[in-house]
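The values are calculated or read from the model by the stated rules, or taken from the named source; none is laboratory data. The structure presented is a predicted model; accordingly, all values stated were derived computationally and were not measured. Cβ: placed from backbone, ideal geometry, glycine included. Neighbour counts: every protein chain shown. These accessible areas exclude ligands, DNA and RNA; they are computed on the full protein's heavy atoms, side chains included. Shrake-Rupley method; radii C 1.70, N 1.55, O 1.52, S 1.80 Å.
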Amino acid sequence: VQLQAFGGGLVQTGDSLRLSCAASGRTFSSYAMGWFRQAPGKDREFVACISSSGTNTYYADSVKGRFTISRDDAKNTVYLQMNSMKPEDTSVYYCAADQSGYGSSWPVAYGYWGQGTLVTVSS
């Protein structure tokens, strides 16, 4: 599966932004999907994931209550709705696909990655 993330940009503190990740291939619905982010000089950080069924979601504590992950299998797309954004959310955001269907906070569980999209939150 090939992934392409888009929707990044420059926003102000408190603003909202929605990222999208479009996937190619007919088996998108069998993959769990995850969002990760990486700030300059830092390790890649888990943000959120959603199971292949869409029933289960999991969030990093730093974004819980502010970010929402969702998926639309008809469009082969996973979304990350980001609300009440903070300067510390500034990062390059990556989407990833986990063939197991369960999802994980560990990057190694994901076999497919999209290119990143930059999100900058100004104070």
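Values computed for the structure shown
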quantity: For the range 61-110, convex hull of alpha carbons as volume per residue, Å³; calculated: 104
quantity: Calculated FRET value between ASP43 and LYS86, using beta carbons and R₀ = 22 Å, to 0.05; calculated: 0.70
quantity: Hydrodynamic radius of the chain per Kirkwood, over alpha carbon pairs, in Å; calculated: 14.0
quantity: PHE46 - accessible surface, heavy atoms, 1.4 Å probe, Å² rounded to 10; calculated: 30
quantity: Cα-based Kirkwood hydrodynamic radius, the range 1-45, one decimal, Å; calculated: 12.9
quantity: Percent RCO, i.e. relative contact order, over the chain, from Cα pairs under 8 Å lying at least 6 residues apart; calculated: 37
quantity: Per residue accessible area of the chain, 1.4 Å probe, in Å²; calculated: 51
